[in-house]
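What follows is a short report on a single structure.
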Amino acid sequence: MSGSDARALSRSLLDLCRMRKLTIATAESCTGGLVAGALTDIPGSSDVIDRGFVTYSNDAKRAMLGVKVTTLATFGAVSKETATAMAVGALEKAGVDLAVSITGIAGPGGATPGKPVGLVHFAVAARDGRILHRECRFGAIGRSTVRQRSVVEALRMLMELARGPQPPAKPRREAASRLHQRVARTPRRVAVKRRRSPRA
């Protein structure tokens, strides 16, 4: 993933949000504001981007985003629960339509048992109640690369929610039933063998 990927995604996201009149806030830990930076690097982004929270410490997560002490103590800063609380907190504090959060271990240090370098949790929350979480294990690919890939993933998740709720897929069983009915209604073709006339 390169800077051009993030720039192209940022442009597409801003165009989509502008069309749908959506506003965005970011809540970042391991990326330190890179998502907000990628978005605000595009001219005219001010009509979509409201603010960005850089909550590197646990104290900042509590004070700025309202993440509960019990959430941090029970699950840790790098977890699905904390990422979700960060996104919801940013959504509520900023009063926007969409909020994204990132919390992870970019390395080279910081790994703990069960939480290796390169582990990043993402969450996106929408005003309509939709919440999306994703866990990525990028591996020990270097601090800068983990952060760059995290930016791209966060932008993709924002795009996913910005497109709006997708219509539910029809159950396969129902589709199979309709196919069975069509087959049943089709008249069977019976092959008739013609008798050859005896040769003179």
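None of the figures in this text is laboratory data; all of them are computed from the coordinates on show. Please read all numbers here as calculations on a predicted model, not as lab measurements. Heads up, the Cβs are rebuilt from the backbone with ideal geometry, glycines too, and the neighbour counts pull from every protein chain shown.
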task = Report the net charge of residues surrounding E160, where surrounding means a beta-carbon distance below 10 angstrom and charges are Lys +1, Arg +1, Asp -1, Glu -1.
result = +4
inquiry  = Name the residue from S79, G32, S45 whose Cα lies farthest towards the positive end of the charge dipole of the range 3-162, charges +1 on Cβ of Lys and Arg and -1 on Cβ of Asp and Glu.
reply    = S79
request  = State the Cα centre-to-centre distance between the range 1-34 and the range 58-81 in whole Å.
outcome  = 24 Å
key: Built amide H within the under 5 Å cut-off of G107, gap 5+   = G118
task = Just need the relative contact order of the range 3-162 here, percent rounded to a whole number, with Cα pairs under 8 Å and 6+ apart.
result = 24 percent
Distribution of pairwise C-alpha distances over the range 3-162, 5 Å bins, in % = 2, 11, 21, 24, 21, 13, 7, 2, 0
request  = Rank by packing, highest mean first: peptides 50-57, 105-112, 26-33, with packing defined as the count of other Cβ atoms within 10 Å averaged across residues.
outcome  = 26-33, 50-57, 105-112
ask   = Shape call for the range 47-124 from the C-alpha gyration tensor, a ≥ b ≥ c root eigenvalues: rounded (a/c under 1.5), prolate (a/b greater than b/c) or oblate?
value = prolate
